[in-house]
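The values are calculated or read from the model by the stated rules, or taken from the named source; none is laboratory data. Just so it is clear, the model here is predicted, and its values are computed rather than measured. Because the Cβ atoms are built from the backbone with ideal geometry, glycine has one as well, and the counts that use them run over all protein chains shown. Each accessible area value is taken on the protein alone, full model and side chains, heavy atoms only, with ligands, DNA and RNA left out. Shrake-Rupley method; radii C 1.70, N 1.55, O 1.52, S 1.80 Å.
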Amino acid sequence: MWLSALAWGAGRVGVLVTGDEAPQYLDVLRSQMQLAEIIANALGYQGEHLRIVDAAGFDGALWQWPPALAPRVAATHAATADKRTTMAMAIEHLALHAPTPRQRIALPEGAPFGAIAVDRDACTMCLACVGSCPAGALIDSTESAQLRLVESRCVQCGICAATCPENAIALEPGLGLTPDVKAPRVLNEAAIFACTRCAKPLGTEKMITSMLAKLANHSMFAEAGALDRLKMCADCRVIDLYNAEASAHGRPS
């Protein structure tokens, strides 16, 4: 709402406090104001646009507050119930009429905007991050083994990084201001590993290779051919195991 007020033409937005607020509440207000100021000033809107105003010194605080730069053209968007949608419309307008146009703004850790970096060598394309992303920013592909990011949806919650079993994900806070942040961007992709018996897609080559390496010396797979069954789909494993037992007992397979 503060950013929308700036986009609508307000040069300054004061938040009135009475002194009865919890200190933690004031800390959050300050951190959010700092984030909004970083965005506004990075776009060339100079000055202090947001301030906490104490009710005790209300009049004096307003008169002593120097004017800050606002956009020359006022926005016409209406605020919506969805905070992120409203914020996106405000930022889009501020960026469109910015004295200093930018394609990307660096933001501090904890900002609700940004991308993620994926270590392609470490990533096995297990896609655990896709299943854990609450904002739908990380998506896969129905046509190929791809990990993709829609940056505009990313809230930098860090759940994907915490979920990744390979520790292959790092957060990159920042505000992208180009149209491509709304489109899926490929972060990693891999070749498909097919079942060695029926050729059904089984997973990515990297994931299967990693699994085989980790289980190579496990006692459960010491029997001849046991490790090779991990290269098969679930149905083919049962068939291969039955055939192996039948052969061992002299029964027809």
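In the stretch 193-214, how many are assigned to a helix (DSSP H, G or I), open to solvent by less than 80 Å² (accessible area, probe 1.4 Å) and not basic (Lys, Arg)?
Residues meeting the conditions: 6.
Let me spell it out: the conditions are (1) within 22 Å of Lys182 (Cβ to Cβ); (2) open to solvent by 40 Å² or more (accessible area, probe 1.4 Å); (3) touching a strand residue (DSSP E or B) at 6+ places or on another chain (Cβ under 7 Å), and Glu109 meets all of them except one. Which number is the exception?
For Glu109, the failing item is (1).
Hey, can you tell me all the residues within the stretch 57-82 that are surrounded by 10 or more Cβ atoms within 10 Å (Cβ to Cβ) and among the aromatic types (Phe, Trp, Tyr)?
Correct list: Phe58, Trp65.
Residues Leu35, Leu94, Leu3: which one is at pLDDT 95 or above, outside any loop (DSSP other than H, G, I, E, B), out of contact with any Pro (no Cβ under 9 Å at 6 or more places or on another chain) and closer than 30 Å to Glu172 by Cβ?
Going through Leu35, Leu94, Leu3 in turn, the sole match is Leu3.
For Ala40, state whether it is under 22 Å from Ile91 (Cβ atoms) and either part of a loop (DSSP other than H, G, I, E, B) or in contact with a strand residue (DSSP E or B) (Cβ under 7 Å, 6 or more places away or on another chain) (or both).
So Ala40 fails the test.
Can you run down the residue pairs with Cβ atoms below 8 Å, 6 or more apart or on separate chains, where the first is in the stretch 82-96 and closer than 13 Å to Pro71 by Cβ and the partner is of a type in the set (D, E, K, R)?
Filtered contacts from the stretch 82-96: Ala95/Arg102.
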